[in-house]
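Q: Let me give you the structure first, and then I'll get to my questions.
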Amino acid sequence: MSRADARTPPAPAPLMRMRIDKWLWTARFYKTRTLAANAVEAGQVRINGERVKPAQAVTPGSLVEVRKQGLAWIVRVTGIAERRGSATDAAALYRETEESAATRARMIAERAAASGQRYPGRPTKKDRRKLEDFLNEP
C-alpha cells in the first residue's frame with residue numbers, strides 16, 4: 001500500500017437505515033425535524049401500519065403512512081439520503097401508492113368544491129375604477 005492510498009479515506013458506505021423523523025424532514029414532508037418528530041409522537045406517522053417513535057429506523061421498502069392537515073400519504077420508501085436536498089431529490093426517496101394519490105386528489109377536489117368561488121385577489125386599479133363607475137351610475 002502506497003502512502004497516497006493510506007491518506008485517502010474509504011468511500012462512505014451507503015445508508016441503509018435512518019430515523020423516521022429525519023427521513024420525513026429529508027423527504028420534505030415537514031419543514032423541520034422538530035415538526036416531524038412532533039407528528040410522529042402524535043401518532044400521525046406509521047411504519048408498516050404500526051405507530052412508532054421518532055427514533056424508529058426506516059429502511060428502503062418500508063411502507064410509511066403520513067397524515068397531515070387532513071390529507072394522507074401512503075408511500076413506499078425507495079431511498080435514504082445523507083442530507084436534505086432539493087425537492088426533486090426528495091421526490092426520489094419515495095413512491096406514493098396509486099390508491100393514496102387518487103384518494104388525496106379526491107379530497108383536494110372536495111375541499112375546493114366546498115370552499116366555493118373566491119375572488120382571485122386584490123382588485124387592480126382598473127378593476128377598482130370600473131367598480132366605482134358602476135356604483136356611481138344614477
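The values are calculated or read from the model by the stated rules, or taken from the named source; none is laboratory data. Source: prediction; values computed, not measured. No Cβ is skipped: glycine too gets one built from the backbone with ideal geometry, and neighbour counts run over all protein chains shown.
Q: Could you check region 26-70 and list, in sequence order, the residues that are among the aliphatic types (A, V, I, L, M) and in a loop (DSSP other than H, G, I, E, B)? Step through it out loud before you land on a result.
A: Taking region 26-70 first, the residues among the aliphatic types (A, V, I, L, M) are 27, 35-37, 39-40, 42, 45, 47, 52, 55, 57-58, 63-64, 66.
If the condition is that a residue be among the aliphatic types (A, V, I, L, M) and in a loop (DSSP other than H, G, I, E, B), then Ala27, Ala42, Val52, Ala55 are the ones that fit.
Q: Any residue in region 61-77 that is in contact with a Pro (Cβ under 7 Å, 6 or more places away or on another chain), surrounded by 11 or more Cβ atoms within 10 Å (Cβ to Cβ) and not small (Gly, Ala, Ser)?
A: Here is the first cut: in region 61-77, the ones in contact with a Pro (Cβ under 7 Å, 6 or more places away or on another chain) are 77.
This time we only want the ones that are surrounded by 11 or more Cβ atoms within 10 Å (Cβ to Cβ), so: 77.
After this cut, where a residue has to be not small (Gly, Ala, Ser) as well, the list is 77.
Checked against the condition, which is being in contact with a Pro (Cβ under 7 Å, 6 or more places away or on another chain), surrounded by 11 or more Cβ atoms within 10 Å (Cβ to Cβ) and not small (Gly, Ala, Ser), region 61-77 yields at least one hit.
Q: Also, I was wondering about something else. If I filter region 71-90 down to residues being part of a helix (DSSP H, G or I) and free of Cβ contacts under 8 Å to residues at least 24 places away in the same chain, which single residue comes out as nearest to Asp21 (Cα to Cα)? Steps first, please.
A: The first filter runs over region 71-90 and keeps only residues part of a helix (DSSP H, G or I), leaving 87-90.
Filter once more, keeping what is free of Cβ contacts under 8 Å to residues at least 24 places away in the same chain: 88-89.
Values: Thr88: 19, Asp89: 17 Å.
So, considering only residues that are part of a helix (DSSP H, G or I) and free of Cβ contacts under 8 Å to residues at least 24 places away in the same chain, the one nearest to Asp21 (Cα to Cα) is Asp89.
Q: While we're looking at this one, here's another question. Identify the single condition in (1) in contact with an Asp or Glu (Cβ under 7 Å, 6 or more places away or on another chain); (2) modelled with pLDDT of 95 or more that Ala81 does not satisfy, given that it satisfies every other one.
A: (2)
Q: Please give the number of the condition Arg46 fails out of (1) surrounded by fewer than 13 Cβ atoms within 10 Å (Cβ to Cβ); (2) modelled with pLDDT of 95 or more; (3) not aliphatic (A, V, I, L, M).
A: (1)
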